[in-house]
1. Which residue out of Leu57, Leu95 is within 18 Å of Glu146 (Cβ to Cβ) and open to solvent by less than 40 Å² (accessible area, probe 1.4 Å)?
2. Before we move on, is Thr144 under 22 Å from Ile28 (Cα atoms) and modelled with pLDDT of 90 or more?
3. Contact list please: Cβ distance under 8 Å, first residue in region 106-125 and among the polar types (S, T, N, Q), second residue at pLDDT 90 or above and in a helix (DSSP H, G or I), pairs at least six apart or on different chains.
4. Out of all the residues in region 147-164, is one or more without any contact (Cβ under 8 Å) to a residue 60 or more places away in the chain, out of contact with any Gly (no Cβ under 7 Å at 6 or more places or on another chain), farther than 30 Å from Leu94 by Cα and of a type in the set (A, V, I, L, M, F, W, C)?
5. When only residues in region 36-52 that are among the small types (Gly, Ala, Ser) and farther than 18 Å from Ala84 by Cα count, which is most open to solvent (accessible area, probe 1.4 Å)?
6. Mind checking which helices (runs of 4 or more DSSP H) fall wholly inside region 62-176 and carry at least 1 residues that are within 17 Å of the chain's Cα centre (by Cα)?
7. Somewhere in region 27-42, is a residue over 21 Å from Ala166 (Cβ atoms), of a type in the set (Asp, Glu) and touching a helix residue (DSSP H, G or I) at 6+ places or on another chain (Cβ under 8 Å)?
Amino acid sequence: MINEVIKKNGVTYGIILGIILALITATIYAVDLKLFVSGWIGGLTFVIYVVIGIVLLTKTKKDINGFFSFKDAFTTFFITTIIALAISTLFSILLFNVIDPEAKTTISELLVKYMAETLQKFGTPAAKINEALTKMKENNPFSTVEQLKALIFSIIGYSILGLILAAFFKSKSTQE
């Protein structure tokens, strides 16, 4: 069984982080769709994720008031990740497929333009650029299926972060 503190904190922080991620998406949507292709927004989101993860694990370790194993630390972070990313993905699916399907077209065009500029900066041959852009245009990253695929990759990526944080926050064993 999962410790009640781990479950409670994981769920609570998952909901908080999910709402924060959805609010970031809503704010970007309301302010300027061009921000969806901005690298610093992704970096800022990652920093928020790390900070909340650190606060979550610090609080949980303190609340447990005892031995905080690697498994417990990772489980806490993983519960938060699953809930937060599910909320965020559900919000994005609703936003881009129900509320404003035209926004995904605009963002897709911005992504193609951004990719073309980036590839040109790196001196990629024109034929390779055209090939990459053709593939991008065939793909709809905002469809429900593609967002669910992205959810899986996000869970994997953030789980790696969770493993790192769990290693840092676990209690030291008495044998060390």
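1. Selected residue: Leu95, the only one of Leu57, Leu95 that is within 18 Å of Glu146 (Cβ to Cβ) and open to solvent by less than 40 Å² (accessible area, probe 1.4 Å).
2. Values: under 22 Å from Ile28 (Cα atoms): yes; modelled with pLDDT of 90 or more: yes.
Taking the combined requirement at face value, the residue satisfies it.
3. From region 106-125, the pairs are Thr106/Leu33.
4. Keep residues of region 147-164 that are without any contact (Cβ under 8 Å) to a residue 60 or more places away in the chain, which gives 147-149, 152-153, 156-157, 160, 164.
Restricting the remaining residues to those that are out of contact with any Gly (no Cβ under 7 Å at 6 or more places or on another chain) gives 147-149, 152-153, 156-157, 160, 164.
Still in the running and farther than 30 Å from Leu94 by Cα: 164.
After this cut, where a residue has to be of a type in the set (A, V, I, L, M, F, W, C) as well, the list is 164.
So far as region 147-164 goes, yes, one or more of its residues are without any contact (Cβ under 8 Å) to a residue 60 or more places away in the chain, out of contact with any Gly (no Cβ under 7 Å at 6 or more places or on another chain), farther than 30 Å from Leu94 by Cα and of a type in the set (A, V, I, L, M, F, W, C).
5. Taking the candidates together, the pick is Gly39.
6. Once the helices (runs of 4 or more DSSP H) in region 62-176 are filtered for at least 1 residues that are within 17 Å of the chain's Cα centre (by Cα), what remains is 70-94, 144-169.
7. Of the residues in region 27-42, the ones over 21 Å from Ala166 (Cβ atoms) are 27-42.
Then drop every residue that is not of a type in the set (Asp, Glu), which leaves 32.
Adding the requirement that they be touching a helix residue (DSSP H, G or I) at 6+ places or on another chain (Cβ under 8 Å) leaves none.
Scanning region 27-42 turns up no residue that is over 21 Å from Ala166 (Cβ atoms), of a type in the set (Asp, Glu) and touching a helix residue (DSSP H, G or I) at 6+ places or on another chain (Cβ under 8 Å).
For every residue, the table says whether it meets (1) crowded, with 17+ Cβ neighbours inside 10 Å; (2) outside any loop (DSSP other than H, G, I, E, B).
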{"position": "Ile2", "(1), (2)": "no, no"}
{"position": "Lys8", "(1), (2)": "no, yes"}
{"position": "Tyr13", "(1), (2)": "yes, yes"}
{"position": "Leu17", "(1), (2)": "yes, yes"}
{"position": "Leu23", "(1), (2)": "no, yes"}
{"position": "Ala26", "(1), (2)": "no, yes"}
{"position": "Tyr29", "(1), (2)": "yes, yes"}
{"position": "Lys34", "(1), (2)": "no, yes"}
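The values are calculated or read from the model by the stated rules, or taken from the named source; none is laboratory data. Small disclaimer: the values here were computed from a predicted structure and weren't measured. Quick reminder, even Gly has a Cβ in these numbers, built from the backbone with ideal geometry, and neighbours come from all protein chains shown. Accessible surface areas use protein heavy atoms only, side chains included; no ligands, DNA or RNA. Shrake-Rupley method; radii C 1.70, N 1.55, O 1.52, S 1.80 Å.
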